[in-house]
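Just so you know, all these numbers are worked out from the coordinates, no wet-lab data involved. Quantities reported herein were computed from a predicted structural model and do not represent experimental measurements. Glycine gets a Cβ as well: all are built from the backbone with ideal geometry, and neighbour counts include every protein chain shown.
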Amino acid sequence: MAEALLVLPCNRCVRLGDYSLCPNWRIVLRSVGDLVDYGLIDLAAIDSCKPGIVPWGEEKRLRWCDLYPSSDLYYRREPWRLEILYRNVLSDLRWLLARYKRIVYYVNVKAYREVLDRSRRVLGEAFLVPAGPPRNSPLSFKSRKNRDKLRGLLLELAGSKIKPVTGPP
């Protein structure tokens, strides 16, 4: 079992049954894929389809769904959806904290970050760790600098001696 869990935002490839087929996951996997391969970290998504945390590989159950988690279009118009997402995420995180020493989240979706930050205040800052990106934008999410920071944090939390990835993004 891995030391840490990395939570990423869901994506439209849920309808294909594999989050890693979409660019936002592929670009993060370029930076931390070896840590997954070595068993140092596991991956999961925060998803509006379930709603809650979906471990990587279990998204096959959600092929029927493809919701765009826009705060303005989805959560602000129907705030009860955000509360349901929060309650489910909190429940899922409590279960996952029994399996992992740390849960790290790297999300650029406003509603997802809000829910995870709120959960962090309840569960404890030592267990649930925000890793960015600093802004809720695709460019910030894809930034090599931000992904390198994410990798460094994951290496530190996993206690690994693996060297940071260098080279082209």
Theoretical FRET efficiency, 1/(1+(r/R0)^6), r = Cβ-Cβ of Ala126 and Glu78, R0 35 Å, to 0.05: 0.55
Spin-label pair Lys60/Arg118, simplified geometry with 7 Å Cα→Cβ offset, distance in nm: 3.3 nm
For the chain, alpha-carbon Rg over 2.2 N^0.38 Å: 0.97
C-alpha center-to-center spacing [the range 1-55, the range 111-125] in angstrom: 18 Å
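What's the FRET efficiency of Asp34 with Ala98 using the Cβ-Cβ distance as r and R₀ = 35 Å, to the nearest 0.05?
FRET efficiency, Asp34 to Ala98: 0.85.
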Length added when fully stretched, Arg26-Ser137, from 0.36 nm per residue minus Cα-Cα: 38.3 nm
Extension gain from Arg144 to Arg12, taking 0.36 nm per residue of separation minus the Cα-Cα distance: 45.3 nm
Structure-based [θ]222 nm, the chain - -39500 (n - 2.57) summed over DSSP H runs of at least 4, per residue, nearest 500: -13000 deg cm²/dmol
Low-density loop cleavage sites - trypsin sites (Lys or Arg not before Pro) in the range 59-155, where at most 11 other Cβ are within 10 Å (DSSP): Arg77
Order by protection proxy (mean Cβ within 10 Å, highest first), peptides 6-16, 34-44: 6-16, 34-44
Isotropically averaged projected area of the range 1-55, using the convex hull of Cα atoms (one quarter of hull area), nm²: 3.6 nm²
Aspartates and glutamates with Cα under 16 Å of Lys110, excluding same-chain neighbours fewer than 8 positions away: Asp47, Asp72, Glu78, Glu83
